[in-house]
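Worksheet for the structure shown next.
Derivation of every value follows stated rules applied to the coordinates shown; laboratory data play no part. Computed from a predicted model, the values in this text were never measured in an experiment. As a convention, Cβ positions derive from the backbone with ideal geometry for all residues, glycine included, and neighbour counts pool all protein chains shown.
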Amino acid sequence: MSQRANSYSDTVVSTPVQATTTKELTTTTTTKIRTRPWTASIILIGGLIALPLGMAISICFGAANIEFATVWNAIFHFDPNVSQHHVIQDVRLPRILGAAMIGACFAVAGAMMQGMTRNPLADSGLLGLNAGAAFMLAVCFAFLPSLPYMYLILFSFIGAGIAVGIVYGIGSMAKGGLTPVRLVLAGSALTALLSAASEGIALQFGIGQDLAFWYAGGVSGTDWNHLKMLFPWVCAALIGAIMLSRSITILSLGEDVAKGLGHHVRTIRALGMLIVLILAGTAVSVVGAVGFVGLIVPHLTRYLVGVDYRWIIPCSAVIGSLLVVFADLAARMIHPPHETPVGALIALIGVPFFLYLARKERRGM
């Protein structure tokens, strides 16, 4: 075995596959799942150390820079008479915590979708989930302006669910089945349609300024009430994703392999899509239609730790949190005191990366 192969930890899965010939022979398919547990452990430990440091740095910088000692005192020794302590506690701290949470949501949702669909281009933004959630928010702003925030989250889920159902329906009707590129094309077409419909609603009902935040994408409006409402949903979805990770690993090897090992493919996909809807819906309800986090992070994670989703999902959550936290910091540092939309900064990385992947998958058309 070569030195390169020794850097992996190989798990062998043997699956009996019933032959379809006239003799009905039984063959055995052996698939190797390559993982790098040491690299994954380093990413998890290093990321969990780097994340609070990055959050502290992000809290220190903004329209007005604040010393680290002041940040420390505001968190652990809050003084209501100090104005900077209120800025940290009421504005910057919930904003940074929200950025970390949203990064984990988008990254894990993208990783699960890529694993379940075996589609390297799958992402909540590219498949129309973000646009569907944003469209339902536009409807709520226009027709139910006094709707409580908790119900906005529910409508985000509904919009995301309708969007993914339409995308899968359109892609499946094409001759030759649901290929990766057809899935992305269907998602792009639906995203364009829902975005145009949202803009029409905004013009008709004069809610363009309210919707502008969702299109640009940003965490500046996050507060403690948002976090308290979303935290239980996000925690439950992330725990569910980790519990489902082994099944997603098997499913990513192929539907025949999963069925041969006794897995209920439809149940796994249904549970996985429910988790994706919760993660994507909550994320869009907070920051708007920020794309490409769920596309970039899972690919980077797979390159580093291998193809076992028991490592990919937690590592994606950590890397996604770091990406959005530092993207938010960069958004505030490019042109202070003005802010650049976080979604625009991430798109500068995501668009070239998407074009690179699309070129690799061009034969699937």
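What length, rounded to one decimal in nm, is gained on full extension from L48 through to H86, with 0.36 nm per residue of separation minus their alpha-carbon distance? Don't skip to the answer; put the middle values down first.
Working: separation 38, 0.36 × 38 = 13.68 nm, distance 2.64 nm.
Full extension of this stretch gives 11.0 nm more.
Were the residues from R118 through S146 laid out at 0.36 nm apart, the gain over their Cα-Cα distance would be 6.0 nm.
For region 230-332, the list of chymotrypsin sites (Phe, Trp or Tyr not before Pro) that fall in a loop by DSSP and count at most 13 other C-beta atoms within 10 angstrom is empty.
Beyond 17 Å, what share of the Cα-Cα pairs of region 251-365 remains, rounded to the nearest whole percent? That tail contains 68 percent of the Cα-Cα pairs. Convex hull volume of the Cα atoms of region 204-260, normalised per residue: 171 Å³.
What net charge do the residues around I268 carry, taking every other residue with its C-beta under 15 Å from that of I268, with Lys and Arg at +1 and Asp and Glu at -1?
With Lys, Arg at +1 and Asp, Glu at -1, the net is +4.
Projected label points at R359 and A197, each 7 Å from Cα along the beta carbon direction, are separated by 3.5 nanometres.
Distance between the pseudo-spin-label points of F61 and I242 (7 Å out from Cα toward the beta carbon): 3.1 nm. Between F205 and I349, the FRET efficiency estimated from the beta carbon spacing at R0 = 41 angstrom works out to 0.75. Here's how it looks for G306: its modeled amide H is under 5 Å from those of R36, which are all 5 or more places away or on a different chain. Eigen-decomposition of the gyration tensor built on the alpha-carbon atoms of region 35-360 gives equivalent ellipsoid semi-axes of 32, 25, 17 angstrom, largest listed first.
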